[in-house]
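Everything below concerns the one structure shown next.
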Amino acid sequence: MRSRENSHRPSPPNVLQGFTLLGTLYLRRSVFRSRSVLLLVLVATNATLASLTTTTLNPDAFATHMFEVFWGFVLPATSLLLGVGVVRDELEAGTIGYLLLRPIPRSVVYSARVFSACGIAIVLAVINTMAVVTVLPIPAEITVGLLIALASAGAIVFTALFAAIGTVFSRPFLVGLGWLIGCERVLASVAFDGRYGAISAHLVGLAGLNTPTDAGLGLTVLEPPSMFGSLSYLAIVFVLALGVGITIFQRRQYVGDAPSD
Amino acid sequence: MSETSVPSTFSGAEFQPSIVCSSASMWYGKVIALNDVSFDVGSGVVGLLGPNGAGKSTLMRLLVGLLRPTSGSVEVFGQPAFGSTAVRSRVGYCPEHDYFYEDMTGLDFVRTMTRLYGYSPSESLQRAKYVLERVGLPTAASGGRKRIREYSKGMRQKVKLAQALAHEPDLLVLDEPLTGTDPMSRHQISELCRQLGDEGRTVIVSSHVLHEVERITHEFILIDRGRLLAKGNVRDIRQLIDQHPHRIELVVTDSRALASRLMSEPYVSGVTVTGSCSLLCETVSPDACYDALPRLALESGVLIRKMSSPDNNLEAVFRYLTR
């Protein structure tokens, strides 16, 4: 419309450049925060509880720890701390406007931050897994590689889920905590098929472990879904969470330190 | 020209609007922040004026595409402002509030923000240094290690300005850029705004302190309670309010002689003799009165020593329009 155009203006960053730039910025902003201390506390808690489990005579010590402590609490709690901050951190700092005003699509801004958070969550998942396998003897039929892969998959799905919760709700931490306790702890422990709404229950099933509560209560051990079923469930949760997060982030109007609608 | 609800004085044969705002309204829940605002703006500096809570910041956020109007449209360079990456490449925004990545240095912050426009690392650094120099932060430009959290209010204001300028935007939107700055910084920022306008960019500067903006530009948009009150230059805006008498203070050799002559003129609504050599004339048609005064003085044998108007400034205009 206007004839005056800046001939030196570069093309806006493409998707890959946008991911790289915003991912780097996210990582720089995320490493040294008070939240990092909490993440380290979770690693320490996982390792400590794993070493305490070795002193019990429980023959399912490994399965018990993985189900009740690592996959059922430490892994989702780590993702909760990371995921809800994907949008909320910038919103609370009031700096979200700087990102939204750059010529990068909002979907890229959101996705770059989610994948960067997933990256941190995977690193912590690997550290946590190594802490457990170092302390606890693992069943012969399970490999460390499988445990790392499952922990990483869980970290990715949980982080995307909590990032979406962080985008949709005004009190995302409480909602996320509700999911963690209600779904990953309570629902997952109940001996009926509804437990497979919990991500941790699928991780247990994919590892070929029995859910300890079933055996402990003398119940018939429930057959977990097939590998395809569990992987499909995890993929659906991830895609849905990412899709919802992107959609909300694109539509919502952010003003300074709060969304306007 | 778009349809406007108030008379526009920005029109001209060569006029090409950078911004076209058509019946734009913005609601926050049940609260209306902007009500059916229409105007267009070409290149140059335009002051956006209004008291606190008038809707200035909302309007600016609509212009830069941070918000989408609830109804109506806001177009920048011919495209909807909200959701267009092409528009965002050409727009710079200096927000009112002091939000930063506090642990970064000024140079690091501006460089990082410039990188997000697609510039290479070296060019981003070069641009960040140049623009920090230009806004008057040479220490930050030279790579000072001071972090933004340690900056004074004025320095923070300049960093915000620098990040908005680094990519040489065609439209620059500055929300209260002079707030909290010292006189020297005010002068620097005002001068910079004028230069940017002279370069052919569109610069929108908001303030609720009228005389500050008056130093930068003579073109204004006045809003209050979400409504556009007027747009144009001070004199033109003044003409929109003919129902309000315009006062002219005169220092003359014989105030009574000139007063009696003025009273016979149809456009003079009142004359008060304030002293033997001074009088106050009230007129509903300032232009006619200013044109006639030399002739009337001559006819009544009076010498006009000084002539001024307390109503020819923005403060008075704003007072009238918001009354």
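The values are calculated or read from the model by the stated rules, or taken from the named source; none is laboratory data. Everything numeric in this text was worked out from a predicted model, so none of it was measured. Ideal geometry is used to build each Cβ from the backbone, glycine not excepted, and the neighbour counts take in all protein chains shown.
If you go through segment B:16-46 and pick out every residue that is out of contact with any Phe, Trp or Tyr (no Cβ under 7 Å at 6 or more places or on another chain), within 20 Å of B:Arg88 (Cα to Cα) and not in a strand (DSSP E or B), you end up with 3.
Could you run through segment B:127-143 and say how many residues are farther than 12 Å from B:His167 by Cβ, in a helix (DSSP H, G or I) and in contact with a Leu (Cβ under 8 Å, 6 or more places away or on another chain)?
We begin by selecting, within segment B:127-143, every residue farther than 12 Å from B:His167 by Cβ; these are B:129, B:132-143.
Restricting the remaining residues to those that are in a helix (DSSP H, G or I) gives B:129, B:132-134, B:138-141.
Keeping just the survivors that are in contact with a Leu (Cβ under 8 Å, 6 or more places away or on another chain) gives B:129, B:132, B:134, B:138, B:140-141.
Here the count works out to 6.
Restricting B:Val91, B:Val74, B:Val87, B:Val64 to residues that are within 9 Å of chain A (Cβ to nearest Cβ), among the hydrophobic types (A, V, I, L, M, F, W, C), under 23 Å from B:Ser25 (Cα atoms) and in contact with a helix residue (DSSP H, G or I) (Cβ under 6 Å, 6 or more places away or on another chain) narrows the list to B:Val91. The set of residues in segment B:116-153 being touching a helix residue (DSSP H, G or I) at 6+ places or on another chain (Cβ under 8 Å) and basic (Lys, Arg) consists of B:Arg127, B:Lys129, B:Arg134, B:Lys146. Using the structure shown, decide if B:Lys158 is in contact with a Gly (Cβ under 7 Å, 6 or more places away or on another chain) and more than 8 Å from chain A (Cβ to nearest Cβ). Yes; evaluated as a whole, the condition is true for this residue. Taken over segment B:14-57, the residue count meeting the criterion of being under 16 Å from B:Leu174 (Cβ atoms) and of a type in the set (D, E, K, R) is 1.
Of the candidates B:Ser124, B:Ser185, B:Ser190, the single residue that is in a helix (DSSP H, G or I) and within 14 Å of another protein chain (Cβ to nearest Cβ) is B:Ser124.
Can you spot a residue in segment B:46-60 that is within 8 Å of another protein chain (Cβ to nearest Cβ), surrounded by 24 or more Cβ atoms within 10 Å (Cβ to Cβ), among the basic types (Lys, Arg) and in contact (Cβ under 8 Å) with a residue 24 or more places away in the chain? No, segment B:46-60 has no match at all.
Could you tell me whether segment B:284-297 includes any residue that is of a type in the set (Val, Ile, Thr) and either under 25 Å from B:Arg319 (Cβ atoms) or in the same structural domain as B:His218 (by TED's automatic domain parsing) (or both)? First the steps, then the outcome.
Residues of segment B:284-297 that are of a type in the set (Val, Ile, Thr), as a first pass: B:284.
Going one step further and asking which of them are either under 25 Å from B:Arg319 (Cβ atoms) or in the same structural domain as B:His218 (by TED's automatic domain parsing) (or both), we end up with B:284.
Yes, segment B:284-297 has at least one match.
Among the residues of segment B:103-121, the ones that are more than 17 Å from A:Arg102 (Cα to Cα), of a type in the set (A, V, I, L, M, F, W, C) and more than 10 Å from every other protein chain (Cβ to nearest Cβ) come to 1 in all.
Meeting the requirement of 1 or more residues that are among the small types (Gly, Ala, Ser), the strands (runs of 3 or more DSSP E) wholly within segment B:243-291 are B:268-275, B:278-283.
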